[in-house]
Protein chains: 2
Amino acid sequence: MRSHRTQGPLPTFYHFYPGVPAVVGVRLGERVNFCPAVWNTGLSADPPLFGVALSPKRFTHGLLLEARRYSASFHPHTQAPLVQHLGSVSGREVYKGKTPHFLGHTGVPILEGAYAAYELELLAVHSFGDHDLFVGRVVAVWEEEGLLDEAGRPRPGLALLYYGRGLYGRPAEEAFRP
Amino acid sequence: MRSHRTQGPLPTFYHFYPGVPAVVGVRLGERVNFCPAVWNTGLSADPPLFGVALSPKRFTHGLLLEARRYSASFHPHTQAPLVQHLGSVSGREVYKGKTPHFLGHTGVPILEGAYAAYELELLAVHSFGDHDLFVGRVVAVWEEEGLLDEAGRPRPGLALLYYGRGLYGRPAEEAFRP
């Protein structure tokens, strides 16, 4: 195994990939925006808290700070072209609000096609290095029943996986208990 | 799509799975411990920061607070039985330090068999609900060259994916650019 000590940014920072991107949906007045974020994680089960790390350079970053309500949705691998598109153009230059979506209980836009989605209320924002972690409380859950198993997980083979730098994949069809 | 508003814990909180578990390795004096954590994410590219959310109930939680140095390693799906074992017994009851490992530049234990691993220095701990987020600065990187692509990503088909509740999987062999 080769190794190197590090200072400053790494040559690559994808060792912990692939990840399931969360598509963050936000509405501010009449303006609707969607942006995928692969740096996301559960943060607490009770209360249910979900975290998304976003660069302040992202258009969505400022919208979230103002709107303080947003969605995080999870999409099948067949929607990779849409997710890639949403991630490769900025809401500053392209209006992404025409992408098919619906509004949740709290008025947040949720991208169509998801097998599951959360409506989130912003609880806290913490700056870590060059990103900010948005900590959201899950206030509503959307589930496409036929696509989830009894534990609310996407069926194996369904989820979209992101490897970074425009490369996508999906999980194998088989899951197993070791 | 069915939906429900939520208060308190959700019936299930696995919609954003599967994830790649990071095996956290820590040494305090002669005591070595390993525990997998699927709630992990990148937090910053420059400086490189990696976050792991752990319940205060976990034995590893207290060790990290004291040691302040630890590893996070990423393992092929063939190591699922080991990872599952490390996650199903507590270091309080079972000594996991005999699991094959080596020591990194900073003296942290790194579980054998990983395709990549980070050595981390604890920068901050933030409490979110029933978990604490350990924010670590990457101070060294280990890479098994033949198992990573030119961007330092595990080759498709290699990584271990965790679906929660003891269920594991792996990515499909194919990756694609939409």
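The values are calculated or read from the model by the stated rules, or taken from the named source; none is laboratory data. Keep in mind that what you see is a predicted model, and the values were worked out from it rather than measured. Here the Cβ positions follow ideal geometry from the backbone for every residue, glycine too, while neighbour counts run over all protein chains shown.
The set of residues in the stretch A:1-10 that are facing chain B (nearest Cβ under 7 Å) and part of a loop (DSSP other than H, G, I, E, B) comprises A:M1, A:T6, A:G8, A:P9, A:L10. Can you pull out the residues in the stretch B:124-147 that are of a type outside the set (F, W, Y), buried (at least 19 other Cβ atoms within 10 Å of the Cβ) and either more than 7 Å from chain A (Cβ to nearest Cβ) or touching a helix residue (DSSP H, G or I) at 6+ places or on another chain (Cβ under 8 Å) (or both)? Result: B:D132, B:G136, B:R137.
Among the candidates B:H77, B:H61, the residue that is under 19 Å from A:S44 (Cβ atoms), touching a strand residue (DSSP E or B) at 6+ places or on another chain (Cβ under 8 Å) and touching a residue at least 60 places away in the same chain (Cβ under 8 Å) is uniquely B:H61. Out of all the residues in the stretch B:17-31, is one or more part of a strand (DSSP E or B), more than 21 Å from B:V139 (Cβ to Cβ) and not charged (D, E, K, R)? Yes - at least one qualifying residue is present in the stretch B:17-31.
Residue count for the stretch A:44-57 satisfying the condition of being surrounded by fewer than 21 Cβ atoms within 10 Å (Cβ to Cβ) and free of Cβ contacts under 8 Å to residues at least 60 places away in the same chain: 3. Taking the criterion of being touching a Lys or Arg at 6+ places or on another chain (Cβ under 9 Å), facing another protein chain (nearest Cβ under 7 Å) and under 22 Å from A:V108 (Cβ atoms), the only residue of the stretch A:148-173 that qualifies is A:A159. For the stretch B:12-38, the candidate set comprises residues that are within 7 Å of chain A (Cβ to nearest Cβ) and without any contact (Cβ under 8 Å) to a residue 12 or more places away in the chain; within that set, the residue that is farthest from the chain's Cα centre (by Cα) is B:T12.
Taken as a whole, the condition of being without any contact (Cβ under 8 Å) to a residue 12 or more places away in the chain and under 11 Å from the mean Cα position of the chain (by Cα) applies to A:T41.
Note on the stretch B:150-176: among residues that are surrounded by fewer than 17 Cβ atoms within 10 Å (Cβ to Cβ) and charged (D, E, K, R), the one that is farthest from A:Y162 (Cα to Cα) is B:R165. Considered as a group, the residues in the stretch A:72-97 that are crowded, with 19+ Cβ neighbours inside 10 Å and at pLDDT below 95 include one that is farthest from the other protein chains (Cβ to nearest Cβ), and that residue is A:G91.
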